[in-house]
Structure formats: C-alpha cells, structure tokens
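Right, one structure below, let's go through it.
The values are calculated or read from the model by the stated rules, or taken from the named source; none is laboratory data. Quick caveat: nothing in here was measured; it's all calculated off a predicted structure. Here the Cβ is made from the backbone with ideal geometry for all residues, glycine too, and neighbour counts use every protein chain on show.
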Amino acid sequence: MVWLESDHYLRGLEDEVKTGYCTSVVAEEAGDGILHGRNLDWNLEEQLREFIITVDFQRVGETLYTGSTIVSFVGILNAMKAGDDGFSFSMDARCQGGKIWSNLLEALAFGAMTPCQHSRYVMETATNYDEAVHLFETGHLIDDGYFIVGGASPGQGAVVTRARNRDVDTWSIDSTDAEHGWYRLETNYDHDQPVPTADDRRTPGYENMEKIGKEALNEDNLLGEVMTQWPTFNPHTDLTCIMSAKYGIYDCSIWLDAR
C-alpha cells in the first residue's frame with residue numbers, strides 16, 4: 001500500500017480535530033524556577049502509544065530542544081529548551097469544534113498550520129520565553145487551542161488561548177493574584193468560563209496544587225500528587241511529562257498497561 005503525503009496530511013488535519021482532552025500546569029517553585037506538568041489524554045490505541053518517542057532535535061550537532069512526538073508524525077506534543085533563556089510548552093485542545101474540510105480550507109487559503117506543527121516552528125525559532133509566547137500568540141492555525149508555556153525565571157508561565165487567526169487571551173502567572181496566582185492550570189476550557197460538571201478536571205487540579213503549595217512544590221509531588229491523581233489522570237491519559245527549563249528536567253512516562 002502506498003501512503004501518499006497528501007493522504008498523510010489529510011489524516012493529520014482530521015486527527016487534530018479528533019484529539020481528546022488534556023491537562024497542563026505551569027507553576028513557580030521556591031527555588032525561583034518554573035515546573036511544567038502535562039497529561040496528554042488523546043486515548044490513543046496501545047499500538048500507537050508504543051510509538052511515542054522522546055527526541056533531541058539538533059541543529060549543527062547541538063541539541064536545540066527535547067520533545068515528544070509519535071514516529072512519522074511531523075508535529076510535536078510537548079517540548080523543552082533548557083537553559084537560563086529556555087522554555088517549555090504543552091498544548092491542550094480548546095473545545096470549540098472544527099471540521100476537516102474547513103481546516104483544510106484554512107490551510108490552503110492562509111497557509112495555516114496544525115497546532116502541533118506550529119509548536120515545532122516555535123521551538124525551532126524562539127530564543128527565549130517572551131519570543132515563544134509571542135509566536136504562540138500569532139500565526140494562522142487550522143483549529144483553536146491552548147498553548148501552555150513555562151520559562152526559566154519567576155513569573156514566566158502563561159496559558160495562551162488561541163482562535164484560528166488571533167490571540168484570544170494570554171493568562172500569565174501573577175504574584176499579585178492571591179488566588180492561584182503562583183500557577184496556571186489549564187484543561188480544555190477558557191479559564192474565565194465555567195467548566196462542564198461532567199468534565200470538571202479543573203477544580204480537583206486546583207485543589208491538589210493548593211494542598212502542595214508553592215514552597216513545597218517539586219518535581220516528585222507535581223507528578224505524584226497532581227498529574228497522576230484522578231481525574232487529572234484518567235483512563236484516556238497516554239503520556240505524562242514533567243519539565244523545567246531552568247533545571248533541565250524532561251521526564252515523560254508513557255502509560256501502556258497502567259491506565
């Protein structure tokens with residue numbers, strides 16, 4: 001069977017619409033770094049989960065960034081560029097819907113990218129956190145989405161809410177915000193809107209973050225007490241990653257039989 005590139009692209013457009021739910025969080029910790037947690041809840045078939053890989057993307061023999069993808073998939077699911085000017089990103093679906101043919105028209109008429117393709121462009125282009133946020137805020141996309149970005153310094157964490165052709169909102173960590181200001185947690189709904197009662201992963205996520213607190217937060221309890229707690233972790237979770245640009249952490253677990 002010959003798999004034409006055009007067929008692969010159409011499948012990619014369709015898959016971007018069909019992707020499931022996710023949870024991402026960026027948070028300040030006591031050492032003035034940013035920790036970034038992400039659950040990918042695409043409910044992939046186990047045979048496909050076995051092809052999720054972590055890749056060091058290199059340029060002229062130097063690692064530019066580290067990211068997770070699926071073998072033969074041209075986009076990336078989440079990634080981290082280490083260093084004092086580094087940053088991390090993850091992507092969550094925005095429940096605004098989309099159709100394959102309107103997505104294709106957007107791609108043909110405006111040169112729009114899938115969110116996963118755009119993410120790879122940002123990781124290859126941006127040299128620091130601020131540039132990354134700006135690039136996630138701009139550019140034509142075939143579908144809505146959330147880009148969750150973490151930097152390497154205090155205050156460098158944000159959820160960028162995107163429509164296809166514009167930035168809807170950028171919700172940044174804010175030390176003056178007494179309620180949840182030290183972190184930003186995103187599921188699949190605009191942060192200033194209520195979530196459906198049938199899919200409230202936001203409230204348990206907030207509660208688990210507050211139980212830990214900024215002063216006690218670390219890589220281990222972000223994983224064990226937030227990202228792997230129900231319903232943040234659920235039967236649809238394929239991948240859990242903990243990242244930190246400041247500390248050079250990129251730790252991803254692929255859930256095969258453990259879900």
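For the stretch 243-259, a residue qualifies if it is buried (at least 22 other Cβ atoms within 10 Å of the Cβ), outside any loop (DSSP other than H, G, I, E, B) and not hydroxyl-bearing (Ser, Thr, Tyr), and exactly one does: 243.
Just checking, does the stretch 210-233 include any residue being touching a Gly at 6+ places or on another chain (Cβ under 8 Å), surrounded by 21 or more Cβ atoms within 10 Å (Cβ to Cβ) and either of a type outside the set (A, V, I, L, M) or closer than 23 Å to residue 128 by Cα (or both)? If you could, list the steps in order and put the result at the bottom.
Our first condition is that a residue be touching a Gly at 6+ places or on another chain (Cβ under 8 Å); within the stretch 210-233, this holds for 222-223, 226-227, 232.
With surrounded by 21 or more Cβ atoms within 10 Å (Cβ to Cβ) added as a condition, the list becomes 222, 226-227, 232.
Add one more test, that the residue is either of a type outside the set (A, V, I, L, M) or closer than 23 Å to residue 128 by Cα (or both), and what stays is 232.
The answer is yes, given that some residue of the stretch 210-233 is touching a Gly at 6+ places or on another chain (Cβ under 8 Å), surrounded by 21 or more Cβ atoms within 10 Å (Cβ to Cβ) and either of a type outside the set (A, V, I, L, M) or closer than 23 Å to residue 128 by Cα (or both).
Taking the conditions (1) of a type in the set (Ser, Thr, Tyr); (2) more than 20 Å from residue 23 (Cα to Cα); (3) outside any loop (DSSP other than H, G, I, E, B) in turn, residue 146 satisfies each one other than (2).
Residues of the stretch 120-156 that are in contact with a Lys or Arg (Cβ under 9 Å, 6 or more places away or on another chain) and aromatic (Phe, Trp, Tyr): 136, 146, 147. Could you please find all residues in the stretch 168-199 being part of a loop (DSSP other than H, G, I, E, B), at pLDDT 95 or above, under 16 Å from residue 24 (Cβ atoms) and not β-branched (Val, Ile, Thr)? Residues satisfying the conditions are 182, 188, 189, 190, 191.
All conditions in (1) touching a Phe, Trp or Tyr at 6+ places or on another chain (Cβ under 6 Å); (2) more than 19 Å from residue 68 (Cβ to Cβ) hold for residue 168, with the sole exception of (1).
In the stretch 3-13, the condition of being modelled with pLDDT under 90, in a loop (DSSP other than H, G, I, E, B) and farther than 19 Å from residue 136 by Cα is met by at least one residue. If I filter the stretch 52-65 for residues that are of a type in the set (Lys, Arg) and in a strand (DSSP E or B), do I get at least one hit? Taking every residue of the stretch 52-65 in turn, at least one turns out to be of a type in the set (Lys, Arg) and in a strand (DSSP E or B).
Please state which one of 83, 67 is modelled with pLDDT of 90 or more and buried (at least 20 other Cβ atoms within 10 Å of the Cβ). Spell out the reasoning first.
Details: 83 fails: buried (at least 20 other Cβ atoms within 10 Å of the Cβ).
So the residue among 83, 67 that is modelled with pLDDT of 90 or more and buried (at least 20 other Cβ atoms within 10 Å of the Cβ) is 67.
Out of curiosity, is residue 155 touching a residue at least 60 places away in the same chain (Cβ under 8 Å) and farther than 18 Å from residue 38 by Cα? For residue 155, the condition - touching a residue at least 60 places away in the same chain (Cβ under 8 Å) and farther than 18 Å from residue 38 by Cα - is met.
Take residue 162 and tell me if it is touching a residue at least 60 places away in the same chain (Cβ under 8 Å), on the phi < 0 side of the Ramachandran plot and not polar (S, T, N, Q).
For residue 162, the condition - touching a residue at least 60 places away in the same chain (Cβ under 8 Å), on the phi < 0 side of the Ramachandran plot and not polar (S, T, N, Q) - is met.
Just to verify a result, which residue in the stretch 96-139, among those that are outside any helix (DSSP H, G or I) and modelled with pLDDT of 95 or more, is surrounded by the fewest Cβ atoms within 10 Å (Cβ to Cβ)? Break it down into steps so the answer makes sense when it comes.
To start, the set of residues in the stretch 96-139 that are outside any helix (DSSP H, G or I) comprises 96-99, 111-114, 126-128, 138-139.
Subsequent filtering for residues that are modelled with pLDDT of 95 or more retains 126-128, 138.
Numbers: 126: 22, 127: 12, 128: 18, 138: 15.
Once the filter is applied, the top-ranked residue is 127.
Tell me, yes or no, whether the stretch 205-222 has at least one residue that is assigned to a loop (DSSP other than H, G, I, E, B), touching a helix residue (DSSP H, G or I) at 6+ places or on another chain (Cβ under 6 Å) and under 21 Å from residue 179 (Cβ atoms). Checked against the condition, which is being assigned to a loop (DSSP other than H, G, I, E, B), touching a helix residue (DSSP H, G or I) at 6+ places or on another chain (Cβ under 6 Å) and under 21 Å from residue 179 (Cβ atoms), the stretch 205-222 yields no hits at all.
All conditions but one from (1) more than 21 Å from residue 243 (Cα to Cα); (2) among the aliphatic types (A, V, I, L, M); (3) at pLDDT 95 or above; (4) crowded, with 24+ Cβ neighbours inside 10 Å apply to residue 142; the one that does not is (3).
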